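The values are calculated or read from the model by the stated rules, or taken from the named source; none is laboratory data. Nothing here was measured: the structure is a model prediction, and the numbers come from that model. Cβ atoms come from the backbone with ideal geometry, glycine included; neighbour counts cover every protein chain shown.
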Amino acid sequence: MTAHPMDEFPVRKFRFDFDAAEPETAVWSQSSELFSLFANAFTLHVPYFEKYLVRSMIAARGKITDEKLKRDVDAIIGQEAHHADAFIKFNDLLKRRYPKAQAMEEHAKYGFKDRLKKDDFKTLVGFTAGYETFTFLAGMLFLDNYDEWMADSDPKVKALWVWHQVEEVEHAAVAFDVYKHFFADDENFRRRMVLSAFWHIVSETFKAYLHMCKVEGWFSNPIRAARAMGFITRVVSQMIWNARPVMRSGYHPRNHPLATTEQNPIAVSWRRFHKEGGDVLEIDHAKMKAILEG
Ligand SMILES: [Fe+2]
Ligand SMILES: [Fe+2]
């Protein structure tokens with residue numbers, strides 16, 4: 001039986017480098033150009049949430065009495081700190097392609113810094129748990145649609161996303177457990193934070209996606225424009241559908257059906273391949289075949 005992805009997850013240190021990438025690489029997936037832009041639009045603000053998460057988990061760590069939870073908190077801090085560094089580097093590539101990307105990234109950066117000053121402890125850990133709901137669900141969604149969205153794509157950018165999405169699933173329960181550790185009885189506040197985080201993700205992503213589609217010239221053709229709007233609507237609707245269990249009392253990320261009965265084969269194989277020393281910094285067709293065949 002395959003181990004649960006959230007058990008004893010490690011911190012992996014990778015250095016991705018996009019300095020030499022041409023600005024055109026921003027549309028990095030030939031399998032789905034629309035997915036490239038959706039993922040790009042998402043990542044413009046996400047590393048600043050990841051920095052917020054690191055601060056949130058550091059604030060919680062000193063007050064946690066459970067040793068297993070402390071271990072997991074250390075590991076999520078390690079994973080997310082590496083994610084933030086890698087995606088900020090990737091954003092430099094986006095800034096070379098999209099004129100408004102710099103301003104949008106700064107808006108996210110200062111927005112989260114501002115939140116850190118204002119949010120009380122409960123909001124800090126609640127909002128973090130709410131946000132992690134969707135990075136987890138996006139993790140599953142991206143990997144489950146690998147063939148349609150990423151199979152034929154830039155090997156480095158693909159490698160970045162596969163790594164990120166695998167780890168989002170691995171640490172999906174930690175922020176939730178931290179919230180529950182302190183505020184187990186307040187399910188309504190948790191649900192409110194899920195909705196608040198969802199709105200934040202959708203509004204930030206939508207704004208960046210519109211800009212990127214416009215720069216790529218997709219809005220000058222009505223059919224392409226309709227396809228672009230259809231794609232983002234489909235992805236967001238799927239996230240809402242997959243989030244249904246999250247709003248129930250008694251929900252726990254470990255028991256989300258997508259993380260258990262339908263464990264993604266790429267995630268399972270990628271973890272094993274990396275553990276055995278395989279290089280996962282670039283994933284072309286041959287490398288993915290090697291990963292899956294193990
Ligand atoms: Fe992350
Ligand atoms: Fe995360």
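The set of residues in region 16-55 being part of a loop (DSSP other than H, G, I, E, B), in contact (Cβ under 8 Å) with a residue 40 or more places away in the chain and either out of contact with any strand residue (DSSP E or B) (no Cβ under 8 Å at 6 or more places or on another chain) or surrounded by fewer than 21 Cβ atoms within 10 Å (Cβ to Cβ) (or both) consists of PHE16, ASP17, PHE18, ASP19, ALA21, VAL27, GLN30, SER31, SER32, LEU44, HIS45. Got a sec? Which of ALA151, ALA175 is among the aliphatic types (A, V, I, L, M) and in a helix (DSSP H, G or I)? Criteria check complete, one pass: ALA175. The residues on offer are ASP185, ASP114, and the sole one that is at pLDDT below 95 and over 18 Å from the mean Cα position of the chain (by Cα) is ASP185. Among the residues making up region 135-163, a single one is modelled with pLDDT under 95, within 15 Å of ligand 1 (Cβ to nearest atom) and surrounded by fewer than 23 Cβ atoms within 10 Å (Cβ to Cβ): LEU141. Would you mind stating whether GLU204 is within 16 Å of ligand 1 (Cβ to nearest atom), among the charged types (D, E, K, R) and farther than 27 Å from LYS63 by Cβ? In short, yes. The single condition from (1) within 16 Å of ligand 2 (Cβ to nearest atom); (2) crowded, with 18+ Cβ neighbours inside 10 Å; (3) over 23 Å from ILE240 (Cβ atoms) that ARG97 fails is (1). Is it the case that VAL194 is modelled with pLDDT of 95 or more, in a helix (DSSP H, G or I), within 16 Å of ligand 1 (Cβ to nearest atom) and within 19 Å of the chain's Cα centre (by Cα)? Here the answer is no, as VAL194 does not meet what is asked. Of all the listed residues (ILE88, ILE76, ILE58), the sole one being within 16 Å of ligand 2 (Cβ to nearest atom) and either touching a Cys at 6+ places or on another chain (Cβ under 6 Å) or without any contact (Cβ under 8 Å) to a residue 40 or more places away in the chain (or both) is ILE58. Each residue in region 243-264 was checked for being assigned to a helix (DSSP H, G or I) and at pLDDT 90 or above, and 5 pass.
Could you tell me whether LEU195 is surrounded by fewer than 17 Cβ atoms within 10 Å (Cβ to Cβ) and in contact (Cβ under 8 Å) with a residue 40 or more places away in the chain? Answer is yes for this residue. For region 80-107, a residue qualifies if it is among the aromatic types (Phe, Trp, Tyr) and part of a helix (DSSP H, G or I), and the qualifying residues are PHE87, PHE90. Of all residue pairs spaced 6 or more apart or on separate chains, those with beta-carbon atoms under 6 Å, a first member in region 265-293 that is part of a helix (DSSP H, G or I) and a second member that is loosely packed, with under 13 Cβ neighbours inside 10 Å are VAL268/THR2; SER269/GLY294; ARG272/GLY294. From the list TYR110, TYR131, the one residue that fits, being within 16 Å of ligand 2 (Cβ to nearest atom) and assigned to a helix (DSSP H, G or I), is TYR131.
In this entry, LYS207 passes the filter for residues that are part of a helix (DSSP H, G or I), basic (Lys, Arg), under 21 Å from the mean Cα position of the chain (by Cα) and farther than 20 Å from ASN145 by Cβ.
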